[in-house]
Amino acid sequence: MTVHELPRNALRLGGRAPTFPAMSAELLGEYFDKIRIGVERLTEEQVWWRPAPGTNSAGNLMLHLCGNLSLWVLSGLGGQAFQRDRAAEFAADRTHSRAELIEKLRGVIDRCREVVLKLGGGALEAPVEVQKYVTNSGGALFHAVEHMSYHTGQILYIVKQLAGGGIEFYPQHRAE
């Protein structure tokens, strides 16, 4: 991996700490970069490989992230209309090419980051209900970011199994 392939890093050395919405937007971007870098190492066939019956492929997880983020961030926080077919996210098999999945997820992440960066401090306390869960905007945002983190790890585990190791996102920590 070359330096230009490294994902953006939401954590910065020195300077002022970002707001919760700004940090969340950065983390969504960092997780997307990691998924893109990993999935680009897979073949079209490997993107849809399932480790066992009843499990999900990297492609399924990418579609699931699109659906989840659209529901929780774009609709729940941004007020954008969205109809979700969650079961279709997991049932999909070779419905999109690798490039289409990456672009679809990139588009959702870019739109989510716009919504998140518009959240002011008081907006984080606003009540919101998503998928019958009642929380506030801060809780919904926290859920969306941690959910993406969880599935990013799953996707990268699939990538490492199929494409071999060789992904080092933090070479600056190699000697630690």
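Computed from the coordinates by the stated procedures, all read-outs in this text should not be read as laboratory data. All values reported here derive from a predicted model rather than from experimental measurement. Cβ atoms come from the backbone with ideal geometry, glycine included; neighbour counts cover every protein chain shown.
Structure summary
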quantity	calculated
Under the Karplus curve 6.51 cos²θ - 1.76 cosθ + 1.60, θ = phi - 60°, whole-Hz ³J(HN,Hα) for region 89-102, x wherever Gly or Pro sits	4, 8, 7, 4, 8, 6, 7, 9, 6, 4, 4, 5, 4, 4
Per-residue Cβ neighbour rank within 10 angstrom, fewest leading, GLU129, GLU30	GLU129, GLU30
Additional length obtainable on full extension of the chain from MET23 to THR55, 0.36 nm per residue less Cα span	8.4 nm
Pair GLN80, GLN131: separation of 7 Å Cα→Cβ label points (nm)	1.8 nm
Ascending count of other beta-carbon atoms within 10 Å, so fewest first, for MET23, MET62	MET23, MET62
Net charge of Cβ neighbours under 11 Å - reference GLU44; Lys, Arg +1; Asp, Glu -1	0
C-alpha center-to-center spacing [region 20-61, region 96-162] in angstrom	12 Å
Whether region 29-111 is rounded, prolate or oblate, judged on the alpha carbon gyration tensor where a/c under 1.5 counts as rounded	oblate
In nm, spacing of pseudo-spin labels at ALA87 and ILE167 (7 Å Cα→C-beta vector)	3.1 nm
Neighbour-count ranking [beta-carbon atoms within 10 angstrom, fewest first] of SER149, SER70, SER75, SER24	SER149, SER75, SER70, SER24
Cα-based shape type of region 120-162, given that a ≥ b ≥ c are square roots of the gyration tensor eigenvalues and the cut on a/c is 1.5	prolate
Per-pair calculated FRET efficiency, R0 = 25 Å: TYR150 and ALA123 via Cβ, rounded to 0.05	0.50
Relative contact order (%) - the chain, alpha-carbon pairs under 8 angstrom, separation at least six	31 percent
Rg and Dmax of the chain, Cα atoms only, in Å	16.6, 48
